[in-house]
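Worksheet: one structure, shown below.
The values are calculated or read from the model by the stated rules, or taken from the named source; none is laboratory data. Everything numeric here is computed off the predicted structure, so don't read it as measured data. A quick note on method: Cβ atoms are made from the backbone with ideal geometry, for glycine too, and the neighbour counts reach across all protein chains shown.
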């Protein structure tokens, strides 16, 4: 496992392209200044000790050394081993609706983006709990197996779009059933399913699935995405919307009543996403009321600093840069391998 102890120093890498641009600008100005003195071929003979390559080589060596120093300041670290630790928490599966209606923008920036923001906030509030992610439209798929790695959860979350499930629809029941199968095999641990959807056009027995989950001791909470007034579904380019067979713009509206019924069948509670902060706070209060259970999890421990290798590399590059002179070496400048080769050929002839 790799990480940076001081990642904020990596912003200094932005200086490198700026320095390269400045260097190219000064080289251009230098070339123009030399051209004012005379022909470039004549100037080569007038300045035999001047090297055109060495200053550029020294500059890029300096840039490489600076990059190594920046990475040194960022403190690269490696986790040396995995350790099994005991934690107390619950298991939560988030079932996220990714049907096309979630692209509607009746809540900004869109229903799906608001849902992803809500899940991110929820993840930030979890402590020692396990989280998993299921996505669904016409079918349900496991996007992230149950885990304690919240960074991975956020990474998988950021990649979700309405294109991840090819079959359209709103199979909430299938999502709840798959969520039930996605929990760990550990017994005596409290579990919860959070369904985030606009609830529209549900196709299966969502109420029966929620009741089945409650019967297994798993509470089902629902979070409604959208508004009662609804909105059009973006399709294709800007300003284009999904239309029905008669050419009318399709308006999608959140089915709040259905989401409330699912939460009631699952012995959970319904939350509206109109105010993410308040809704997530109430949801976290509900989850916190569930009794925590002990479970084992693997974590990387004993992160060790590895900056010394980069620091040594930077010093080595600086030493090489110091030894390379900008002018040609007086002892080596008279060596001309091509002239010697010509003389040998002449003698052979």
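Among the conditions (1) in a loop (DSSP other than H, G, I, E, B); (2) in contact (Cβ under 8 Å) with a residue 24 or more places away in the chain, the only one that residue 221 does not satisfy is (1).
Going by what's in this entry, would residue 208 be described as part of a loop (DSSP other than H, G, I, E, B) and either in contact with a helix residue (DSSP H, G or I) (Cβ under 8 Å, 6 or more places away or on another chain) or in contact (Cβ under 8 Å) with a residue 24 or more places away in the chain (or both)?
Spelling it out, it is not the case that residue 208 is part of a loop (DSSP other than H, G, I, E, B) and either in contact with a helix residue (DSSP H, G or I) (Cβ under 8 Å, 6 or more places away or on another chain) or in contact (Cβ under 8 Å) with a residue 24 or more places away in the chain (or both).
Residue 208 falls short of the stated requirement of being crowded, with 21+ Cβ neighbours inside 10 Å and assigned by TED's automatic domain parsing to the domain that holds residue 272. Only a single criterion out of (1) over 30 Å from residue 144 (Cα atoms); (2) in contact with a helix residue (DSSP H, G or I) (Cβ under 8 Å, 6 or more places away or on another chain); (3) exposed (fewer than 14 other Cβ atoms within 10 Å of the Cβ); (4) at pLDDT 80 or above is not satisfied by residue 6, namely (1).
Taking region 170-190 as the range and being buried (at least 23 other Cβ atoms within 10 Å of the Cβ) and under 15 Å from residue 268 (Cβ atoms) as the test, the residues that pass are 172, 175, 176, 179. One residue stands out in region 186-202 among those that are touching a strand residue (DSSP E or B) at 6+ places or on another chain (Cβ under 6 Å) and not in a strand (DSSP E or B): the one that is nearest to residue 284 (Cα to Cα), namely 189. Residue 271 meets all of the listed conditions (1) in a strand (DSSP E or B); (2) over 20 Å from residue 115 (Cα atoms) but one, namely (2). For region 250-259, the count of residues that are under 24 Å from residue 91 (Cβ atoms) and in contact (Cβ under 8 Å) with a residue 24 or more places away in the chain is at least one. Taking the criterion of being within 29 Å of the chain's Cα centre (by Cα) and surrounded by fewer than 17 Cβ atoms within 10 Å (Cβ to Cβ), would at least one residue in region 214-236 satisfy it? Checked region 214-236: at least one residue is within 29 Å of the chain's Cα centre (by Cα) and surrounded by fewer than 17 Cβ atoms within 10 Å (Cβ to Cβ).
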